[in-house]
Amino acid sequence: MSTEKILILSAIAFGVSYFVTPFIKKFSGKIGAIDIPNFRKVHTTPTVSGGGAAIFLGFIAAFLFLNRTSPEITGFAIATTIIVILGIFDDILGLSAIPKLIFQSLAAIIIISFGVQIDIASIFQGHLPQSMNLLSLPLTFFWLIGITNAINLIDGLDGLAAGVSTISAFTIAVVAFLNGQLTVAVLALIIGFSALGFLPHNFRSRIFMGDTGSMFLGFSLAALSIMGSVKLAAAFSLAVPILILAIPIFDTLFAIARRLITRKPIYEGDRKHIHHRLLDLGFSSIQTVIFLYILSIFFGGMAVYSAMIRPRYGYFVFAGCFALVLIGGMILIIVHQFKTRKNK
């Protein structure tokens, strides 16, 4: 594939997403795709929530000119379309957790059946019994579902989820390109540019991407991170995607741990995600978003670096980043708790 075609596809994705968003905003208001404020949301007035459809249209417009087919790409197209349809109904009707999980599971099963799987045998370098290879299926399933909902959980500030997803998509594109996965790299690029085209409207025009956007981006990033890392050595077929998506992954893990400790359902929302805590500590919305962009760029850079060096050195990079996130997260929680009690 020529550089000119890649640039054209990227421009199509960005342009369609950018120019279609105002029309999506008007249409979303008419059909009732409105995000109503509640105790855990930052916005205070009802806001149109259908921008994810513009992101998907930007992706589809470029995808139609890609002219690359394979079982994995076919499965990706079918599964992401199911996710988008689910998101549209959710943005309009406000679906509960169970029907969303059912259709997310359907999309995950479809893409897995088309060959998109985490290769657990390569992760453990063939040291597992043959029967343990069956763990690839549930591991892939939970990765797809987990990342899909992780992006949804960080979608709490203007530009946060869309920007972090853009950074992650571009990072996946670089890793896939280095790994010889050109088609995956181009898919990640057009998804990144589709999200980037929506971003100015998200900041300026008071339109959210809603569950349509967050679930589409989350599912796409989860799938492409697998597809783009299949040739990486040993454990880095999974470690690199974890680094790329470090912010949403660890925010979700902290949320699950927090809810288990307090004996609350893990699907029950709260106002203690990383962006909420930073806001409570005195950061403005834009400062919080920029700070998390910087962290995403840092971990993305570490992911690319890890994919380029020998695995034995990459393990230290991964362990260092893991420790950094864990320690940083604990410090943030402790400082937030201290300030909250002091204010009371």
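Figures for the structure shown
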{"read-out": "Dipole in debye (nearest 20) - the chain, about Cα centre, beta carbon charges: Lys, Arg +1; Asp, Glu -1", "value": "940 debye"}
{"read-out": "Whole-percent carbon and sulfur share, accessible surface of the chain, 1.4 Å", "value": "71 percent"}
{"read-out": "Cα gyration tensor, the stretch 128-190 - rounded (a/c under 1.5), prolate or oblate", "value": "oblate"}
{"read-out": "Computed accessible area, Leu137, all protein chains, 1.4 angstrom probe, square angstrom", "value": "80 Å²"}
{"read-out": "Residue-span extension gain [Tyr315 to Ile256] - 0.36 nm each, minus C-alpha spacing", "value": "18.7 nm"}
{"read-out": "Charge-dipole axis of the chain as Lys and Arg at +1 and Asp and Glu at -1 on Cβ define it, positive-most pick from Leu217, Gln104, Leu245", "value": "Leu245"}
{"read-out": "Whole-number accessible area per residue in Å² for the chain, which is evaluated in the context of all protein chains at 1.4 Å", "value": "46 Å²"}
{"read-out": "Potential lengthening between Leu178 and Leu101 on full extension [0.36 nm per residue; Cα-Cα distance subtracted]", "value": "24.3 nm"}
{"read-out": "Proximal charge balance of Phe19 [Cβ under 15 Å; K/R count +1, D/E count -1]", "value": "+3"}
{"read-out": "Whole-number percent relative contact order across the chain, with pairs defined as alpha carbons under 8 Å at least 6 apart", "value": "22 percent"}
{"read-out": "Full-extension gain in nm, Phe19 to Arg271, via 0.36 nm per residue minus C-alpha separation", "value": "87.4 nm"}
{"read-out": "Residue among Ile172, Ile73, Ile98 with the largest mean-square fluctuation in a Gaussian network model of the chain, springs linking Cα atoms under 10 Å", "value": "Ile98"}
{"read-out": "Among Leu281, Gly29, Ile207 - extreme Cα towards positive end, dipole of the chain, charges at beta-carbon", "value": "Leu281"}
{"read-out": "Heavy-atom accessible area ranking, 1.4 Å probe, most first, across Ser113, Ser229", "value": "Ser113, Ser229"}
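The values are calculated or read from the model by the stated rules, or taken from the named source; none is laboratory data. Please read these numbers as outputs of a predicted model, since none were measured by experiment. Neighbour counts run over all protein chains shown; Cβ positions are idealised from the backbone, glycine included. Accessible surface is based on the protein model in full, side chains and every heavy atom, while ligands, DNA and RNA are left aside. Shrake-Rupley method; radii C 1.70, N 1.55, O 1.52, S 1.80 Å.
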